[in-house]
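Have a look at the structure below, then the notes.
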Amino acid sequence: MGKWWQSAVIYQIYPRSFKDTNGDGIGDLAGIISKLDYLEKLGVTALWLCPVYRSPNDDNGYDISDYRQIMAEFGTLGQMEDLIKKAKQRGIKIVMDLVVNHTSDEHQWFIEAKNDPKSKYRDYYIWRDPKAGKEPTELKSVFGGSAWEYDEQSGQYYFHQFSRKQPDLNWENPVVRKEVYEMMNFWVAKGIGGFRMDVIDLIGKVPEKNITSNGPKLHEYLKEMHQNVLADTKLVTVGETWGATPDIAKLYSDPEQKELSMVFQFEHVQLDQFPNRPKWFTRPLSVVKLKEVITKWQVELADVGWNSLFWNNHDLPRAVSAFGDDGIYRVQSAKMLAIVLHLLKGTPYIYQGEEIGMTNLKFTDIAQIDDIESKNMYQEYKAKGYSNEELLQMISHKGRDNARTPMQWDATKNAGFSSAKPWLAVAPNYQTINVKAALADKESIFYTYQKLIAYRKSHEVISVGDYSLVETKAEVFAYVRSYEGQSVLVIANFSKNVQKVALPKYQIQTPFIANYDNSPRDLAQLELRPYEALAFEITDHL
Ligand code: TEU
Ligand code: CA
């Protein structure tokens, strides 16, 4: 049969915000260990940990200063080994975040490279002479400003696609690639379950030609990585690929290509943005477009390649705020989103707190923001004349700190996340939205997720079945999955209006999962309540 990750559900943890055990206001490895029973109860197969390596935290761990050590605030290497072991005892694998497009400028390699231009480490990074006294190219950093930083000492610039404290590694240098593979094997030997590869589509960059994403040697490098680390293992590998089209996704994830298990692509989460404009400028989400994009990926990767399924992550707004309704229909719309996503083909990812319907929040002061991307944007746009109110509204809508507020465990002080003041403030709604309340309520969002995870594990129609869209109304998303004579029909109302739908072919059916109630429904004259979602194991009467 298929690979383990084809019927798996992966839970993403932002360690800094998950659970603090030593009272410093920062989540830690011991905190993750203390919640393994909870994660086992949910039923997830693997945990993707955002970076836990040593880091000065310019970009919260995505700036690594030592790949073989654990961030001091998070704990020790011994605790990491303990986490891997204790998770394994519960049938849960640990997926590490692999950040190898860049390091921290505090990594020993960069320190040597900068201090001594003759050192062998100089060529681990990308250094260029000034051009006419200025930056070598016009390339911009994702976090604002030029992608080139001047180094007084040598009179050269170094290249950084993210912050100036995240110098890009030079993948053209075979020694760099070897270092990366050795480091990966260090973690593989510790028994991890795989890697989530940060901005992997950028490693083949050619700055001279203004090529950042999808460079000419990208797939060559990944094949080499596969040979050196992944071949003959059961590891799952997921590439963060902002620049993937379905055709590119197949290059990464067709098993014949011997590169990665799957891609993590973002087309559906960018539908509220304008092409070629920064993410801060938004328009209402079109459900028609959303169905089109999801269907495109389902159909194009039907036979070759593999996709991830997700509504949110640590860089994105909260799922229920972005795609549902985080007001009166919060519970219904959160369950609706879970039902729609988890019955598609691909590997679903749950971002911590999604399973209890955590929401975005209203930031009212830039001092509440930690994220480097939002802080830089605020300064840049302030200088362009945007008002404080406008900018805080943009950040409340799209900023990354929405996803990074502490996990809401219970209704006690600091949401049970920490005994001390958390590094980032807890969302004010923690007294009603928290894990303890969710576990106590049999009708909570948590149990919808639990049921969906279990259903995928035991039904091949979900893990490997075919997908086809069912044409209904603009704001209703309906599709059928089918496999070896078994079919599942999913119908979801993506709006707060009642929607009438007629699917006479299916007659009266009883849903196996629903977000209002499980009573039999006449599909010939179906009235969908606000954000109602239903899934049926269908008997076709035609
Ligand atoms: O994100 C890649 C990336 O391009 C993001 O910066 C993205 O454009 C932005 O967050 C959208 O709001 C990865 C990590 O997921 C992110 O947390 C890191 O900051 C980034 O790489 C650099 O390592
Ligand atoms: Ca701590």
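The values are calculated or read from the model by the stated rules, or taken from the named source; none is laboratory data. All values reported here derive from a predicted model rather than from experimental measurement. We place every Cβ from the backbone using ideal geometry, glycine too, and count neighbours over all the protein chains shown. Areas reflect the complete protein model, heavy atoms only, side chains present, ligands, DNA and RNA absent. Shrake-Rupley method; radii C 1.70, N 1.55, O 1.52, S 1.80 Å.
LYS85 to GLN450: extension gain in nm, 0.36 nm per residue of separation minus the Cα-Cα distance?
Numbers: separation 365, 0.36 × 365 = 131.40 nm, distance 2.33 nm.
Extra length available between LYS85 and GLN450 comes to 129.1 nm.
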| remark: Between the modelled labels at LYS258 and PHE281 (7 Å from Cα along Cα→Cβ) the distance in nm is 4.6 nm
| What is the calculated FRET efficiency for GLU380 to GLN153, with r their C-beta to C-beta distance and R₀ = 22 Å, to the nearest 0.05? | 0.20
| message | If I model a spin label at VAL470 and THR412 as a point 7 Å from the Cα along the Cα→Cβ vector, what separation in nanometres do I get? | response | 4.7 nm
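Given an 8 Å cut-off on Cα distances and at least 6 residues of separation, report the relative contact order of the chain as a percent. Please list the in-between numbers first.
Working: 1144 pairs, mean separation 69.7, N = 542.
Relative contact order of the chain: 13 percent.
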| Which one of SER119, ALA147, THR103 is farthest out on the positive end of the charge dipole of the range 102-168, using unit charges on Cβ (Lys, Arg +1; Asp, Glu -1) and the Cα centre as origin? | ALA147
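For the range 4-97, what is the percent of antiparallel DSSP beta bridges, rounded to the nearest 5?
On the way: 2 of 10 bridges.
Percent antiparallel among DSSP bridges in the range 4-97 is about 20.
Please give the FRET efficiency for LYS500 paired with GLU300, using the beta carbon to beta carbon distance and R0 = 35 Å, rounded to the nearest 0.05.
Working: r = 32 Å, r/R0 = 0.90.
According to the calculation, E is roughly 0.65.
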| For the range 166-269, what relative contact order do you get, as a whole percent, if you take Cα pairs closer than 8 Å and at least 6 residues apart? | 24 percent
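Calculated from DSSP H runs of 4 or more alone, at -39500 (n - 2.57) each and per residue, what is the 222 nm mean residue ellipticity of the chain, nearest 500? Kindly include the intermediate steps, with their values, before the conclusion.
On the way: 16 runs with 148 residues, N = 542.
Calculated mean residue ellipticity at 222 nm is -8000 deg cm²/dmol.
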| said: Can you tell me what share of the DSSP beta bridges in the chain is antiparallel? A percent to the nearest 5 is fine. | reply: 60 percent
| ALA132-GLU460 pseudo-label distance in nm [points 7 Å out on the Cα-to-Cβ vector] | 6.4 nm
| note | Residue span ILE328 to SER119: 0.36 nm per residue of separation minus Cα-Cα distance leaves a gain in nm of 69.1 nm
| remark: Whole-Hz Karplus couplings 3J(HN,Hα) for the range 476-488, θ = phi - 60° and coefficients 6.51, -1.76, 1.60, Gly and Pro as x, run 10, 10, 10, 8, 10, 10, 8, 7, 6, x, 9, 9, 10
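Rounded to the nearest 0.05, what FRET efficiency do ASP365 and ALA524 give with R0 = 35 Å and r taken as the Cβ-Cβ distance? Could you check? Let's see the in-between values first.
On the way: r = 54 Å, r/R0 = 1.55.
Given R0 = 35 Å and the Cβ-Cβ separation, E is 0.05.
Please list 267-273, 158-164 highest first by mean number of surrounding beta-carbon atoms within 10 Å per residue. Intermediate values should be presented prior to the final figure.
Working: 267-273: 18.6, 158-164: 22.9.
Ranking, from highest mean packing down: 158-164, 267-273.
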| query | So what's the Cα pair-distance distribution over the range 102-168, bin width 5 Å, in %? | reply | 4, 20, 29, 26, 15, 5, 0
| task | May I have the extent of the alpha carbons of the chain along their three principal axes, as whole Å values ordered from largest to smallest? | result | 76, 51, 49
| request: Place +1 on the Cβ of every Lys and Arg and -1 on the Cβ of every Asp and Glu in the chain, take the dipole about the Cα centre, and give the residue among SER495, ASN214, GLY78 whose Cα lies farthest towards its positive end. | output: SER495
| request: Enter the accessible area per residue of the chain (Å², integer; probe 1.4 Å; all protein chains in place). | output: 40 Å²
| request: List the residues of the range 297-326 whose backbone N lies under 20 Å from a point placed 7 Å from the Cα of HIS219 along the Cα-to-Cβ direction. | output: 297-308
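Going through the cross-link list LYS398/LYS421; LYS375/LYS473; LYS382/LYS436, which pairs have a Cα-Cα distance over 31 Å in this structure? Spell out each step's value before the answer.
Details: LYS398/LYS421 25 Å; LYS375/LYS473 41 Å; LYS382/LYS436 41 Å.
In this structure, LYS375/LYS473; LYS382/LYS436 lie more than 31 Å apart at Cα.
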